[in-house]
Amino acid sequence: MAGEDAVLDMLEAEAVHILREVAGAFRRPVLLYSIGKDSSVLLHLALKAFAPGRMPFPVVHVDTGWKFREMIAFRDATAERLGLDLRVHTNPDEATPFTHGTHEYTRIKKTLTLRKALDDGGFEAAIGGARRDEERSRAKERIFSLREPGHRWEPRSQRPEFWWQANTELADGQTMRVFPLSNWTELDVWRYIRREDIPVVPLYFAADRPVVERNGSLIMVDDDRYPLEPGERPVQRRVRFRTLGCYPLTSAVESKAENIDEIIDEMGRDRRSERAGRLIDGEGGTSMESKKSEGYF
Amino acid sequence: MVAVLRVVACGSVDDGKSTLIGRLLAATGGATDDQLDYARTTRRGGSTVAAGAVDYSLLTDGLEAEHEQGITIDVAHLFMDLPSGRRVIVADAPGHEQYTRNMAVAASTADVAVLLVDATKGVREQTRRHLAICALMGVPSVVAVVNKLDAVGWDRSVFDELAGEVRAAADGFGMRADVIPASALDGDNVAEPSPNLPWYDGPTLLGALTAWEPAQEPQEAGYRLPVQYVIRADGFRGLAGTVVGGPIRPGDAVGVAGGGRTSTVGRLLGPGGTDLDRAAPGTAVTVTLADDVDVRRGDLLAAPEALRDGLSPAGAFSVTLIWTAEEPLRNGRSYLLRAGGRTVPAVVTAVRDRLDVVSGGRLAARTLDLNDIGTVELTTDTPVSLDAYRESRHTGSLLLVDRVTKETVAAGMVRHALRRGRTVAPRAYTVDREARERLKGQRAKVVWLTGLPGAGKSTLANTLERRLHGMGLHTYVLDGENVRGGLNKDLGFTPQGRAENVRRVAEVARVLVDAGLIVVVALVSPFRTDRAAARALFAEGDFAEVFVDTPAEECARRDPKGLYAQARAGRLPNMTGHGQAYEPPEHPDLVVDGAGSLDEAADALCALLRP
């Protein structure tokens, strides 16, 4: 156990260092909050990094209108509890995962909304909770990841990251995305949540939930907008979620893990990739990269 | 015990590096079921892995696929949890020669280099190159894996010979090397001891990574705290940063580099604001000082005696640079030096040599190109406190950044400060610029006219000065042509020569502004970055960049000095607009139409000079 704590201490120190660097180097940084477990850890770290002072940046949430209801309730309760300067951005343009296809839906409701939120706020640095172990193409992501004008991600213009020195200078129109949790694993995130007693959305814990099975994925029917096939009816199954996103695009796993200890225990046995439950990542091996070059996080 | 071990993986795909790392990942539970399924069912062309078996190289290596897709080959990061609880962070850099930069990045934070040697090929040029880069970046030790021993019949003598060669090579670079026999293909001696190696009684690779400890306790040089951020709350003012070098405690004496301010540590807080009685290197802390001392982001805190010794501020350094930009190093050009939250303008004043990475030899050099490593002398605008790199990777390292594109052009490792009586402290005189301005009844300023040869800069400067003179103002014109006849007659027209030309003219203009004069500069000054460096010498409002915008055809038609004619004849290879580009200003303070009315242009300039 000593090893586990020492690893978490190192990861915490590294993340705090990065968060302070962002606050010191950029005039207008912002923290992107997605309500998930990684965002919850990121927010907790940002509060710790500047204690006893206040976190010196606002928090932005891009709301697609299709998040789980429990996520939105948790978001608002968290903002209230912590006194956050929370700004919610939604794209009024019509798009649903059913009518537009997941790629186009994601582009309209997430990518474009995020870009507009950053442009409107004049934010030059956006802090996100992405981890390198989430997906293979993330393994080479920088901690300080440069975006060209228009939020384009150009693999060729990414800066070499020597030592712990970050080049935070920006040319005209450039912005920065910053990932303080780059070196964290999914297990680290849960261990840290346990150690620091960080609240998370209850959807991570197993409960009886109404689900339908589509192409082998268990989808929770969170409201009456979900188009059921003729004769299809949601059934109650004991499930939980490993990652959270838009409910029609997030598949649940059958599980009995009702608390963090049981989740960590389950992770030792269930050896599937975390993002396997994200239906939007699955369109070809480089789909994350193509989304990123359009300005997705 | 070292809780987190940072490893740089060196070797090429051909040496079996991806397979080896994939094996380690799988053995430590770091590969998920769907990844293993993928590696069981997918085959690359030329793969010799049996059908239905796991191709371990596929677990780690998206790199080849990326290469085919034309995506940058880059450093990938992988994480492993050893059974002992130790976390291993593997930075996997591609092995080809042209990726020195990426290898250096991966090595820059590593504790250990895992170096692959192919038993069928022996110690190759690339092996030495990787050792050299790791040594240069301060990686203290090497675990060398002699791989593919199955292909040489598990022959002990082959291993012994190669092990000897590797140890000798590492020794030559001052590194400690352990050498391990293995075959990554079938996992022999990677995570489990191999029955094929009865003659070997040392550790497996996994065992070596589990047992690794630093050769000696890192010598505690005394703490350094680069201040990242000042935390303010009700009645609280704390200096936040990450401790390096040695532990810090409440009550420790504190000095602020460059200014002689001292105090003691009041409170020492960890993340979240909890009080600590000691913080080891690597801890993110916030300290309060017992006295009211002005400290801000970029300041470096250390024990006062450390600041008198190795950390005493200097304005010039001998630095080993790794050049990371496509555009080569330019002597005399001003870059931004970044180190620990500080950013100061810096100029490379001399290139001493270039390193032949394989032989370790030093070659004569005048510049550095992409992926070159060399020794330079670097002068900063204001003195800074830097450790020697061998003392600290944290406070002895720096980045050079292009002033305009803001890309990282080089990573630097401080060899030593150059004092040689050149640490000049500016002396303050009683009669200052303000006094001189008052006497002249004017406000001093620089008007910098830039544009193509023949754009009409000198003509405009002449008109403007006549007008100002007529108004009773004190002026001086620095004309490129005139300056090159004297002060700058040693300079040519290469980009480097032009950079130095601009630098000198800007320095002279600075002196003249201090003398209280209105200075008009008429200089082609074709490069943005040089003009940005010139502007940086002046306070906000003291420098106006004016673009004399004349169409190139019009300039060529005027051709007052016959330059365009000569360039057309091929006699002026560095002529701006012919062999060299002119970079127009992106945000000039004023644009004048060089083909329009001279009087209107002068009016606009006079308006610019009005306070």
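The values are calculated or read from the model by the stated rules, or taken from the named source; none is laboratory data. All values derive from a computational prediction rather than experimental measurement. All Cβ positions, even for glycine, are placed from backbone atoms using ideal geometry, and neighbour counts span all protein chains on display. Heads up: the accessible areas ignore ligands, DNA and RNA and are worked out on the full protein's heavy atoms, side chains in. Shrake-Rupley method; radii C 1.70, N 1.55, O 1.52, S 1.80 Å.
Here are a few things to note about the model shown:
- Region A:184-227, residues that are of a type in the set (D, E), closer than 20 Å to A:A257 by Cα and without any contact (Cβ under 8 Å) to a residue 60 or more places away in the chain: A:D197, A:D208
- Qualifying residue in region A:97-104 (condition: in contact (Cβ under 8 Å) with a residue 12 or more places away in the chain, open to solvent by less than 10 Å² (accessible area, probe 1.4 Å) and in contact with a helix residue (DSSP H, G or I) (Cβ under 9 Å, 6 or more places away or on another chain)): no
- Note on region A:10-51: residues that are open to solvent by less than 10 Å² (accessible area, probe 1.4 Å) and among the charged types (D, E, K, R) total 2.
- The listed residues are B:G298, B:G258, and the only one of them that is more than 10 Å from chain A (Cβ to nearest Cβ), at pLDDT below 95 and within 23 Å of B:S392 (Cβ to Cβ) turns out to be B:G258.
- A:R240 vs. criteria of a type in the set (K, R), under 25 Å from B:G30 (Cβ atoms) and either in contact with a His (Cβ under 9 Å, 6 or more places away or on another chain) or more than 14 Å from chain B (Cβ to nearest Cβ) (or both): yes
- Region B:324-335, residues that are assigned to a loop (DSSP other than H, G, I, E, B) and open to solvent by less than 20 Å² (accessible area, probe 1.4 Å): B:T324, B:A325, B:L329, B:G332, B:R333
- Subset tally (residues that are crowded, with 23+ Cβ neighbours inside 10 Å and either of a type in the set (K, R) or over 12 Å from B:S385 (Cβ atoms) (or both)) for region B:301-320: 1
- Selected residue (criterion: farthest from A:G24 (Cα to Cα)) from residues of region A:116-126 that are more than 14 Å from chain B (Cβ to nearest Cβ) and surrounded by 20 or more Cβ atoms within 10 Å (Cβ to Cβ): A:A117
- Residues of region B:283-340 satisfying the condition of being β-branched (V, I, T) and more than 20 Å from B:A365 (Cα to Cα): B:T283, B:V285, B:T286, B:V287, B:T288, B:V293, B:V295
- Residue within region A:90-109 that is modelled with pLDDT of 95 or more and either within 28 Å of A:I263 (Cα to Cα) or not in a loop (DSSP other than H, G, I, E, B) (or both) present: no
- Taken together, the residues in region B:546-556 that are of a type in the set (F, W, Y) and open to solvent by 40 Å² or more (accessible area, probe 1.4 Å) amount to 0.
- Some residue of region B:212-232 being crowded, with 23+ Cβ neighbours inside 10 Å and among the small types (G, A, S): no
- Sole residue being surrounded by 21 or more Cβ atoms within 10 Å (Cβ to Cβ), away from chain A (no Cβ under 12 Å) and β-branched (V, I, T), chosen from B:V358, B:V401, B:V351, B:V347: B:V347
- Just so you know, in region B:233-271 the residues that are farther than 19 Å from B:E305 by Cβ and of a type in the set (A, V, I, L, M, F, W, C) include one that is surrounded by the most Cβ atoms within 10 Å (Cβ to Cβ), and it is B:A240.
- When each of B:D589, B:D559, B:D593, B:D599 is tested for being of a type outside the set (F, W, Y) and loosely packed, with under 14 Cβ neighbours inside 10 Å, the lone residue that passes is B:D599.
- First in region A:8-28 and more than 17 Å from B:L239 (Cβ to Cβ) and more than 9 Å from chain B (Cβ to nearest Cβ), second anywhere and aromatic (F, W, Y) and open to solvent by 10 Å² or more (accessible area, probe 1.4 Å), Cβ under 7 Å, 6 or more apart: A:R28/A:F123
- Qualifying positions in region B:283-300 - surrounded by fewer than 16 Cβ atoms within 10 Å (Cβ to Cβ) and either in a strand (DSSP E or B) or in contact (Cβ under 8 Å) with a residue 12 or more places away in the chain (or both): B:A290, B:D291, B:D294, B:R296
- Among (1) more than 25 Å from B:A506 (Cβ to Cβ); (2) modelled with pLDDT of 95 or more; (3) surrounded by 23 or more Cβ atoms within 10 Å (Cβ to Cβ) - the single one B:R338 does not satisfy: (1)
- Unique match (being open to solvent by less than 10 Å² (accessible area, probe 1.4 Å), assigned to a loop (DSSP other than H, G, I, E, B) and not acidic (D, E)) among B:V146, B:V139, B:V117: B:V139
- Among the residues making up region A:56-80, those that are open to solvent by 30 Å² or more (accessible area, probe 1.4 Å), free of Cβ contacts under 8 Å to residues at least 60 places away in the same chain and either within 14 Å of chain B (Cβ to nearest Cβ) or part of a helix (DSSP H, G or I) (or both) are A:P56, A:I72, A:A73, A:D76, A:A77, A:E80.
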